[in-house]
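Reviewing the structure listed below.
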Amino acid sequence: MATANKAEDANPLKHSSRPREETDTDRLRGIFALDALSVSVVSAFAGDRPPTEAEEIFLSDLKDARGELFFSDILYAITHHYFPPVTAEKLWNEVLLHKSAMSKALNRNVQITVATLDYLSSVTSEIFSQTLISEDYIAEIAELSMRDGLTGLFNHTSFFELLDMELKLYERYGTVASLIIMDIDDFKDINDFYGHQQGDRILKELAAIIKGHTRASDACCRYGGEEFAVILPFTNARVAGKIAEKLRIALMRNLPNGQHLTISMGVASCDENTASSCELMKRADDALYQAKKNGKNQVVVNI
């Protein structure tokens, strides 16, 4: 039996050749529902996160197939409004500029969904009528704004919001919380040696291990490029240190060609001298720095 092309089989976003019955929405868009753009793919296209190889192939094929209608499809995926091709491409470029300006003003990456809806409703008033949007669609937008696109963990912005919440609980009720900051040792060398695609696969694998070795109440975050963080409510420094050590061991990996992947971690907890999330972050970061200075691949708890 002949086998299909492996690259096509691995692409979950590929077009289907089977004929399908069009809905009214499909006719408006000129695109079959099962080939429609998801918000997640549009988010990657806009630069919220690096697109996967499968998404790059899908977007390239779609752009070739759709031609001038491509940007109408892009905006429809976010807004559920149809814009003519010439208008759509112009608006899309303006939305990207608006996203950049908002991100700069707020000092964080504003997601394309937020930038698009803000620009088209508040700036240009292109969207002025009510549109029926499903609860699943709203949930998808909310989830995208909170999660890191590559790993699925809470993103940088969500990390600080969650940490602030724990500090407020501590200040009001005295409920202790701890923070683990972890950094992959020499990750730049790993990326340079194996390539960025393999580096991304490693990050996704480590994120899954972190989720699997923490509690449902803990908030697992991707703090930076190769930095992760775990916020542990109702957990003191001693217990957090033990959890961090178990994580360190679980995350160790032997890589091809004899290389090893290890993690350094810093741990800190709320106390009477910790008045803000930034201070707690600094204490955990100081412990991480000490772990690096002491030779890496270890946990240091800032008491």
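Of all residues in segment 191-215, which are at pLDDT below 85 and in contact with a Leu (Cβ under 8 Å, 6 or more places away or on another chain)?
Y194
Could you look through segment 99-113, keep only residues that are under 11 Å from A46 (Cβ atoms) and not polar (S, T, N, Q), and pick out the one that is modelled with the lowest pLDDT?
Only one residue tops the list, namely V110.
Does segment 49-69 hold any residues that are within 25 Å of the chain's Cα centre (by Cα), crowded, with 17+ Cβ neighbours inside 10 Å and part of a helix (DSSP H, G or I), and which are they?
Our first condition is that a residue be within 25 Å of the chain's Cα centre (by Cα); within segment 49-69, this holds for 49-63.
From the residues that got through so far, the ones that are crowded, with 17+ Cβ neighbours inside 10 Å too are 49, 51-52, 55, 57-59, 62.
Passing the criteria: E55, I57, F58, L59, L62.
Would you mind stating whether A219 is farther than 22 Å from A46 by Cα, small (G, A, S), modelled with pLDDT of 85 or more and touching an Asp or Glu at 6+ places or on another chain (Cβ under 8 Å)?
no
Determine whether I180 is of a type in the set (A, V, I, L, M) and assigned to a helix (DSSP H, G or I). Even if it seems obvious, please write down each step before you answer.
Numbers: of a type in the set (A, V, I, L, M): yes; assigned to a helix (DSSP H, G or I): no.
Considered against the rule, which asks whether it is of a type in the set (A, V, I, L, M) and assigned to a helix (DSSP H, G or I), I180 comes out as no.
With respect to A287, determine if the residue is closer than 13 Å to A177 by Cβ, touching a residue at least 12 places away in the same chain (Cβ under 8 Å), out of contact with any Phe, Trp or Tyr (no Cβ under 8 Å at 6 or more places or on another chain) and in the same structural domain as T175 (by TED's automatic domain parsing). First the steps, then the outcome.
Numbers: closer than 13 Å to A177 by Cβ: no; touching a residue at least 12 places away in the same chain (Cβ under 8 Å): yes; out of contact with any Phe, Trp or Tyr (no Cβ under 8 Å at 6 or more places or on another chain): yes; in the same structural domain as T175 (by TED's automatic domain parsing): yes.
Criteria not met by A287.
In segment 104-121, what residues are outside any helix (DSSP H, G or I) and surrounded by 13 or more Cβ atoms within 10 Å (Cβ to Cβ)? Spell out how you get there, then give the answer.
Restricting attention to segment 104-121, the residues satisfying the condition of being outside any helix (DSSP H, G or I) are 107-111.
Matches in segment 104-121: R108, N109, V110, Q111.
Filter segment 159-196 for residues that are at positive phi and among the acidic types (D, E) and give the result.
Filtering segment 159-196 for residues at positive phi gives 174, 186, 195.
Correct list: D186 only.
Can you pull out the residues in segment 290-303 that are surrounded by 15 or more Cβ atoms within 10 Å (Cβ to Cβ) and either of a type in the set (D, E, K, R) or not in a loop (DSSP other than H, G, I, E, B) (or both)?
From segment 290-303, those surrounded by 15 or more Cβ atoms within 10 Å (Cβ to Cβ) are 290-292, 297-302; that's our starting set.
Q290, A291, K292, V299, V300, V301, N302 - these are the residues of segment 290-303 that are surrounded by 15 or more Cβ atoms within 10 Å (Cβ to Cβ) and either of a type in the set (D, E, K, R) or not in a loop (DSSP other than H, G, I, E, B) (or both).
Here is a yes/no grid of residues against (1) at pLDDT 95 or above; (2) touching a Phe, Trp or Tyr at 6+ places or on another chain (Cβ under 8 Å); (3) closer than 30 Å to Q198 by Cα:
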position: A244; (1), (2), (3): yes, no, yes
position: I249; (1), (2), (3): yes, no, yes
position: M252; (1), (2), (3): no, no, yes
position: L255; (1), (2), (3): no, yes, yes
position: H260; (1), (2), (3): no, no, yes
position: G266; (1), (2), (3): yes, yes, yes
position: D271; (1), (2), (3): no, no, no
position: S276; (1), (2), (3): no, no, no
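Can you pull out the residues in segment 30-55 that are acidic (D, E) and modelled with pLDDT of 85 or more? It would help to see each step written out before you state the result.
Our first condition is that a residue be acidic (D, E); within segment 30-55, this holds for 35, 48, 53, 55.
Listed by number, the list holds a single entry, D48.
Of the numbered conditions (1) under 30 Å from T175 (Cβ atoms); (2) in a helix (DSSP H, G or I), D192 satisfies every one except a single condition; which is it?
(1)
The values are calculated or read from the model by the stated rules, or taken from the named source; none is laboratory data. Since this is a predicted model, take the numbers as computed values, not measurements. No Cβ is skipped: glycine too gets one built from the backbone with ideal geometry, and neighbour counts run over all protein chains shown.
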